[in-house]
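Pasting a structure below so you can have a look.
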Amino acid sequence: MSTDRWAKLMDAWGFAPHQETYDSLITAYSEKGRHYHTLEHVSACLRHLDNCSALLDHPREVELAFWFHDAIYKPLSSKNELESADWAASFLAESGANGEEIDRVHRLIMVTEHDAPTQSRDESILVDIDLSILGTSPETYEIFEQGVRKEYRLVPSFIYRKKRAAVLRGFMERPQIYMSGIFPEARERQARENLSNAVSKLEGRA
């Protein structure tokens, strides 16, 4: 999430530099209490994006969505995606983007709620990248799970284990986790192995 990358994105949109918005985003992702939804998460998403940008129909919208998608993050809130999407929409409107572009970015951020099927290739790619952590090595995945638990540190353990297991089972029950085709089958298999192991630990079976 470098200033140079932000400047190039603003230039792609034909916008002013908007250094103040960049600073606000960096501050948001650096908030105390974040352990996974951080600058590194967004940077990792952008690195994946660079590997498949040629497949996107609206690359600048997808990249902007990544910059904003976890900008608002309060672990106990159910409105994080909506508030992040609204911030992005306000930014775009104030910068002179048209309604179709604004709606597209808003929708791209909202699909990171991961509770409904994607409706476009761009959405599928964005969601797969956002979930890329699921298919990493067992060691990296374990660090991810530890980070999420730290973010929900105020939730009692017995409640957290039950709710977290339900979330992970939701991904396991999908016919396919990664839908866009940007990742190899090996990542799908690793994701399912990681999820299965994590659920077993949460349910005291490992």
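Would you check which residues across segment 110-128 are within 15 Å of the chain's Cα centre (by Cα) and more than 13 Å from P59 (Cβ to Cβ) and list them?
Hits for segment 110-128 are M110, V111, T112, E113, H114, D115, A116, T118, E123, S124, V127, D128.
Could you go through segment 42-62 and let me know if any residue there is in contact with a Leu (Cβ under 7 Å, 6 or more places away or on another chain) and among the acidic types (D, E).
Within segment 42-62, one or more residues are in contact with a Leu (Cβ under 7 Å, 6 or more places away or on another chain) and among the acidic types (D, E).
Please enumerate the residues belonging to segment 132-143 that are surrounded by fewer than 18 Cβ atoms within 10 Å (Cβ to Cβ) and not polar (S, T, N, Q).
Scanning segment 132-143 gives P138, E139, E142, I143.
Restricting to segment 53-81, and then to whatever is open to solvent by 10 Å² or more (accessible area, probe 1.4 Å), in contact (Cβ under 8 Å) with a residue 12 or more places away in the chain and charged (D, E, K, R), can you tell me which residue is farthest from H18 (Cα to Cα)?
Filtering first and then ranking leaves D57.
Test of understanding: among L195, L126, which residue is of a type in the set (A, V, I, L, M, F, W, C), open to solvent by less than 30 Å² (accessible area, probe 1.4 Å) and under 20 Å from Y29 (Cβ atoms)?
L126 is the lone residue from the list that is of a type in the set (A, V, I, L, M, F, W, C), open to solvent by less than 30 Å² (accessible area, probe 1.4 Å) and under 20 Å from Y29 (Cβ atoms).
Among the helices (runs of 4 or more DSSP H) contained in segment 1-73, which hold 1 or more residues that are within 17 Å of E151 (Cα to Cα)?
Hits in segment 1-73: 19-29, 39-50.
Has segment 154-175 got any residue that is in contact with a Ser or Thr (Cβ under 8 Å, 6 or more places away or on another chain) and either farther than 21 Å from A116 by Cβ or without any contact (Cβ under 8 Å) to a residue 60 or more places away in the chain (or both)?
Within segment 154-175, one or more residues are in contact with a Ser or Thr (Cβ under 8 Å, 6 or more places away or on another chain) and either farther than 21 Å from A116 by Cβ or without any contact (Cβ under 8 Å) to a residue 60 or more places away in the chain (or both).
Of everything in segment 1-23, what is surrounded by 14 or more Cβ atoms within 10 Å (Cβ to Cβ) and closer than 20 Å to A85 by Cα? Give them in sequence order.
Passing the criteria: M1, W6, L9, M10, W13, F15, H18, T21, Y22.
In addition: Tell me yes or no: at least one residue of segment 92-115 is surrounded by 17 or more Cβ atoms within 10 Å (Cβ to Cβ), among the hydroxyl-bearing types (S, T, Y) and not in a helix (DSSP H, G or I).
No, segment 92-115 contains no residue that is surrounded by 17 or more Cβ atoms within 10 Å (Cβ to Cβ), among the hydroxyl-bearing types (S, T, Y) and not in a helix (DSSP H, G or I).
Still on this structure: Somewhere in segment 124-141, is a residue within 25 Å of P17 (Cα to Cα), modelled with pLDDT of 95 or more and out of contact with any strand residue (DSSP E or B) (no Cβ under 9 Å at 6 or more places or on another chain)?
yes
Still on this model: Here's a check for you: in segment 153-183, which residue that is touching a Gly at 6+ places or on another chain (Cβ under 9 Å) and within 16 Å of L131 (Cα to Cα) is most open to solvent (accessible area, probe 1.4 Å)?
Here the answer is F183.
State all residues of segment 93-109 that are without any contact (Cβ under 8 Å) to a residue 60 or more places away in the chain and over 14 Å from the mean Cα position of the chain (by Cα); if no residue qualifies, say none.
A93, E94, N98, G99, E100, E101, I102, D103, R104
Taking the criterion of being acidic (D, E), farther than 23 Å from R153 by Cα and touching a Lys or Arg at 6+ places or on another chain (Cβ under 8 Å), would at least one residue in segment 73-89 satisfy it?
Taking every residue of segment 73-89 in turn, none turns out to be acidic (D, E), farther than 23 Å from R153 by Cα and touching a Lys or Arg at 6+ places or on another chain (Cβ under 8 Å).
Further question on the same structure: So is D128 in contact with a Leu (Cβ under 8 Å, 6 or more places away or on another chain), in contact (Cβ under 8 Å) with a residue 24 or more places away in the chain and assigned to a helix (DSSP H, G or I) or not?
no
The values are calculated or read from the model by the stated rules, or taken from the named source; none is laboratory data. Fair warning: this is a prediction, and the values are worked out from it, not measured in the lab. Ideal geometry is used to build each Cβ from the backbone, glycine not excepted, and the neighbour counts take in all protein chains shown. Keep in mind that these areas ignore ligands, DNA and RNA; they rest on the heavy atoms of the full protein, side chains included. Shrake-Rupley method; radii C 1.70, N 1.55, O 1.52, S 1.80 Å.
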